Amino acid sequence: MHDGLRAELAQIHDLIEQVAAGLIDVGAARSHINTMTMRQNKWTLGTYCESYCRVVTTHHTIEDRSLFPHLRRADPRLAPVIDRLEEEHHAIHDVLEGVDRALVAFVATPDGMADLRAAVDLLSDTLLSHLSYEERELVEPIARLGAH
């Protein structure tokens, strides 16, 4: 699951760069077709990012409701790690809301690309750090205790 999240995050970055390149061309051109293409690219990017945010949220909800309680019961020594991961889930949720706000601004205004890039970069930093920590701390306990 984590590798899939990483791969899709890389695709979001790539899609942003493609849209940014299209925006530069659209800004130089004044034809109606290019304007429609820009709008379509913005909405495509928005839909893709929104879907990704839902996948991350669903993944964290499953961990919070199923995996973490199981691990906490099976090995109470994991409590500090699980507490930190749950706190990070809340922080990542806030970052995802920032991506959503940046997407709304990006679709609504022609100069929202910088804010969108910054929001996705923050998501990358936050999420990749979280996934790395979770894997480092829980791969062995999950292998030993199972993932219910």
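Describe numerically, in nm with one decimal, the distance between label points set 7 Å from Cα along Cα→Cβ at ASP3 and at ALA114.
3.9
Could you run the Karplus curve 6.51 cos²θ - 1.76 cosθ + 1.60 with θ = phi - 60° over region 129-134 and give me ³J(HN,Hα) per residue in whole Hz, x for Gly and Pro?
3J(HN,Hα) across region 129-134, in whole Hz: 5, 4, 4, 4, 4, 4.
Can you give the net charge of the other residues whose Cβ lies under 12 Å from the Cβ of THR58, counting K and R as +1 and D and E as -1?
Net charge in that neighbourhood comes out at 0.
All of the numbers you see were taken from the coordinates with simple rules; none came from a lab. Every value quoted in this text rests on a predicted model; they were computed, and no experiment measured them. Ideal geometry is used to build each Cβ from the backbone, glycine not excepted, and the neighbour counts take in all protein chains shown.
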